[in-house]
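K.L.:
Supplied in structure tokens, the structure appears directly below.
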There are 2 protein chains.
Amino acid sequence: MYVIAVYDINEKRVNKILKLMRQYLHWQQRSVFEGELSEAKIGELMSKCNRIIKDEDTIKFYMFESVKYFRCEILGSEVRDDGLRNFI
Amino acid sequence: MYVIAVYDINEKRVNKILKLMRQYLHWQQRSVFEGELSEAKIGELMSKCNRIIKDEDTIKFYMFESVKYFRCEILGSEVRDDGLRNFI
């Protein structure tokens with residue numbers, strides 16, 4: 001599955017989420033990670049996120065069977081981690 | 001097309017972008033808007049964004065033919081503008 005994760009996390013916990021996300025996905029821009037993950041790994045990541053976040057935090061995961069189901073356009077500065085830009 | 005827009009904008013310009021996005025899409029969480037837009041309206045929105053943003057800003061638009069191509073899971077607090085939660 002291809003995953004886009006967007007988070008809004010209190011600054012007290014944001015570094016923990018950043019560190020965790022980096023183990024599974026690629027950083028795209030502030031508060032956004034993307035990457036290919038198996039269903040099992042998605043479940044594992046969500047479970048670990050749930051152990052860190054509190055009620056006031058939000059993480060939204062968009063999941064796709066394939067990157068072919070969407071196209072992407074960037075305005076302004078380019079993404080700095082370009083490991084996934086081949087499909088943009 | 002279904003659009004997910006994620007932005008990272010300098011605070012000097014963020015209110016202008018917020019105001020603009022609200023005219024086209026639905027606010028989801030900090031820095032994230034979503035909604036259904038025609039190709040023409042997407043072009044119009046991008047063009048207006050380009051007139052506001054500077055080099056240091058980034059707006060990423062993910063576009064889909066249909067919401068059926070992705071599923072969505074939210075951890076933590078629910079989205080507050082729930083106009084689009086019927087497909088989550």
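Rule-based calculations on the coordinates, nothing more; no lab input. Keep in mind it's a predicted model, so treat the numbers as computed, not measured. No Cβ is skipped: glycine too gets one built from the backbone with ideal geometry, and neighbour counts run over all protein chains shown.
K.L.:
Among the listed pairs A:Lys68/B:Lys41; A:Lys48/B:Lys54; A:Lys41/B:Lys48; A:Lys48/B:Lys41, give every one whose C-alpha distance is greater than 31 Å.
P.N.:
Table pairs above 31 Å Cα-Cα are A:Lys48/B:Lys54; A:Lys41/B:Lys48; A:Lys48/B:Lys41.
K.L.:
On a 0 to 90 degree scale, rounded to 10, what angle separates helix B:11-24 from the longest Cα axis of chain B?
P.N.:
50 degrees
K.L.:
Compare the Cα positions of B:Leu37, B:Ile9, B:Ser77 along the charge dipole of region B:2-87 (+1 at Cβ of Lys, Arg; -1 at Cβ of Asp, Glu; about the Cα centre) and return the one farthest towards the positive end.
P.N.:
B:Ile9
K.L.:
Cα centroid distance between region A:1-30 and region B:11-26, in Å?
P.N.:
Using only Cα atoms to place each centre, the spacing works out to 23 Å.
K.L.:
OK, next. Could you state the angle between the C-alpha long axis of helix A:39-52 and the longest principal axis of the C-alpha atoms of chain A, as a value from 0 to 90 degrees rounded to the nearest 10?
P.N.:
Roughly 40 degrees, rounded to the nearest 10.
K.L.:
Which chain A residue hugs the A-B rotation axis most tightly by its Cβ, and what is that distance in angstrom, to the nearest whole number?
P.N.:
Value returned for chain A: A:Tyr69, 2.
K.L.:
Would you kindly work out the equivalent ellipsoid of region B:2-87 from its C-alpha gyration tensor and give its semi-axes, the square roots of five times the eigenvalues, largest first in whole Å?
P.N.:
Those come to 22, 16, 11 Å.
K.L.:
Against the empirical 2.2 N^0.38 Å scaling, what ratio does the C-alpha Rg of the protein assembly as shown come to?
P.N.:
The protein assembly as shown yields a ratio of 0.98.
K.L.:
Cβ under 12 Å from B:Tyr24's Cβ, B:Tyr24 left aside: what net charge do those residues give with Lys, Arg +1 and Asp, Glu -1?
P.N.:
Its environment carries a net charge of +1.
K.L.:
Using a simple charge model, +1 on the beta-carbon of Lys and Arg, -1 on the beta-carbon of Asp and Glu, nothing else, what dipole does region B:1-64 show about its Cα centre, in debye to the nearest 20?
P.N.:
Here region B:1-64 has a charge dipole of around 300 debye.
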